[in-house]
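The values are calculated or read from the model by the stated rules, or taken from the named source; none is laboratory data. Keep in mind it's a predicted model, so treat the numbers as computed, not measured. Every residue, glycine among them, receives a Cβ derived from its backbone with ideal geometry; neighbour counts consider all protein chains shown.
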Amino acid sequence: MAELDTSGGGKHKGGKVRSKKASTRVDLTAMVDLAFLLITFFILTTTLQKPKAMDLTMPDKDDNHNQLPVPETRTMTVLLGKDNKLEWYMGLPQKPLTPPSVTNFGKAGIRESLIEQGKNVLAKSGKEMIVLIKPSDKSTYSDMVSMMDELNIVGNQQRAIVDISPMEVDLLKRDNIY
């Protein structure tokens, strides 16, 4: 509790007789309560930053027998390497339909390749291209998120995250991005 004292001081003998002033007392308890109520109200009503999450639909581990064969002409494999670099090819790693190409993320990088190869696959087969993403031990989580963002930008819905094979790791080592 706060108190404000405006008394005139002690009594002096002699001099003029003054009227006695009553001391003024201000109780600030209600104002403190109001301040805490307002702070509590604004804390509870503000919108906290919502976590950003990416939706991934993963198949059941027990559901391996229902997989359909995928033609290699519709499959683009993207190998994620170090230093925000990646390598992509069409087809199988043993006999790729296009030679492996090292590129980076962005409009002039993998996005251009995704658009071009997606149009080629759509023209030849009439179906959407399937993209296999294979992160290596040297790639980062942000590389994976960037790749998923690139696929969202070009509108590719057929994608899978797959384990990288030793042959593909050797391919990354050959091109100095592992």
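Considering the stretch 129-148, and only residues there that are free of Cβ contacts under 8 Å to residues at least 60 places away in the same chain, crowded, with 21+ Cβ neighbours inside 10 Å and among the hydrophobic types (A, V, I, L, M, F, W, C), the residue that is nearest to R74 (Cα to Cα) turns out to be M129.
Among the residues of the stretch 113-140, which ones are part of a helix (DSSP H, G or I) and at pLDDT 90 or above? Scanning the stretch 113-140 gives S113, L114, I115, E116, Q117, G118, K119, N120, V121, L122, A123, K124.
Out of all the residues in the stretch 92-112, which are assigned to a strand (DSSP E or B) and small (G, A, S)? Once the filter is applied, which keeps residues that are assigned to a strand (DSSP E or B) and small (G, A, S), the stretch 92-112 yields only S101.
Among the conditions (1) outside any helix (DSSP H, G or I); (2) loosely packed, with under 15 Cβ neighbours inside 10 Å, N152 misses just one, which is (1).
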